Amino acid sequence: RKEVEQDPGPFNVPEGATVAFNCTYSNSASQSFFWYRQDCRKEPKLLMSVYSSGNEDGRFTAQLNRASQYISLLIRDSKLSDSATYLCVVNAVRNNDMRFGAGTRLTVKP
Amino acid sequence: EPEVTQTPSHQVTQMGQEVILRCVPISNHLYFYWYRQILGQKVEFLVSFYNNEISEKSEIFDDQFSVERPDGSNFTLKIRSTKLEDSAMYFCASTSGTGAPGTPGDTQYFGPGTRLTVL
């Protein structure tokens, strides 16, 4: 089983659509969870951390289910500018390496 | 807003040559990292560095690789004898390491990357 596994995508959605990404991780001792966004040939940029209780930041909602080792990201009212690759990232040991999923590519079309 | 910076943005080298990739982490951060991303593939961890020593390294980080913090601001990755398969984007990251899980102090911030091309 891969350490961090994501929906392979790609997701092609119209503007205004709601889209959800899923991610599973294999290390049950993992402590920190993140969604990063990566534009083509750019560095990963933090989109949001994921808390156990779930958290929301504007149009973005992240959920964590520790029992199922599952993380999700929901994007509502998608914009053209949301087009990017979304990376599920898990930090198993504090302050040590982060493990990245392969990413899910999203294209929002007019 | 403080940023991680990296130089050069693009490095072209001949196979077998040594390269040094440079990073300036965010100034109050204590933990530093190198990652690489081969074109079309996922981001892979190389090494983490804390308190002037390597704290963890991946199997990719073999004897050809080394890291150094030569002064109070720079963090470098050296590849001693480059191979074709070292061609990738190399990202430096840093974190303060002072926050609870999920907080900004627990988050790694990435530099813009150095694109290494080995010919």
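None of the figures in this text is laboratory data; all of them are computed from the coordinates on show. This one's a predicted model, so the numbers in the text were calculated from it and none came from an experiment. In this analysis, Cβ positions are derived from the backbone assuming ideal geometry, glycine residues included, and neighbour counts consider all displayed protein chains.
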Once phi for every residue in the range B:63-74 is put through the Karplus expression 6.51 cos²θ - 1.76 cosθ + 1.60 (θ = phi - 60°), the whole-Hz ³J(HN,Hα) values, with Gly and Pro written as x, are 5, 6, 9, 8, 10, 8, 10, x, 8, x, 10, 8
Quick one: length gained pulling B:L84 to B:E68 fully straight, 0.36 nm per residue minus the C-alpha distance? 3.4 nm
With a cap of 15 neighbouring Cβ atoms within 10 Å, and only residues DSSP puts in a loop, list the trypsin sites (Lys or Arg not before Pro) found in the range A:1-92. A:R1, A:K2, A:R41, A:K42, A:R59, A:R66, A:R76, A:K79
Whole-Å distance linking the alpha carbon centroid of the range B:1-40 with that of the range A:59-99 is 24
Applying the Karplus parametrisation 6.51 cos²θ - 1.76 cosθ + 1.60 with θ = phi - 60° to the phi angles of the range A:11-19, what ³J(HN,Hα) value in whole Hz is obtained for each residue in order, glycine and proline being reported as x? 9, 10, 10, x, 3, x, 6, 9, 9
Let me confirm one metric for peptide A:28-34, namely the mean number of other chain beta-carbon atoms within 10 Å of its residues' beta-carbons. 3
Cysteines without a disulfide-compatible partner [the protein assembly as shown; Cβ-Cβ under 4.7 Å]: A:C40
Computed ³J(HN,Hα) along the range A:22-32: with the Karplus parameters 6.51/-1.76/1.60, θ = phi - 60°, integer Hz and x for glycine or proline, the list is 10, 8, 10, 10, 9, 8, 5, 8, 4, 10, 10
Report, largest value first, the span of the C-alpha coordinates of chain A along each principal axis, in whole Å. 42, 30, 23
Most mobile listed residue (A:E43, A:E15, A:E56) in chain A, GNM with C-alpha springs under 10 Å: A:E43
If you take the alpha carbon radius of gyration of chain B and divide it by 2.2 N^0.38 Å, what ratio comes out, to two decimals? 1.02
Given pairs A:K2/A:K42; B:K57/B:K83; A:K42/A:K79; A:K2/B:K57; A:K79/B:K42 and cut-off 21 Å on Cα-Cα distance, the over-length ones are A:K2/A:K42; A:K79/B:K42
Which number do you get for Rg(Cα) / (2.2 N^0.38 Å) in the protein assembly as shown? 1.01
Here the net charge surrounding B:I26, from other residues whose Cβ is less than 11 Å away from its Cβ (Lys, Arg +1; Asp, Glu -1), is -2
With chain A treated as a Gaussian network of Cα nodes joined by springs under 10 Å, which of A:L73, A:L64, A:L46 yields the largest mean-square fluctuation? A:L46
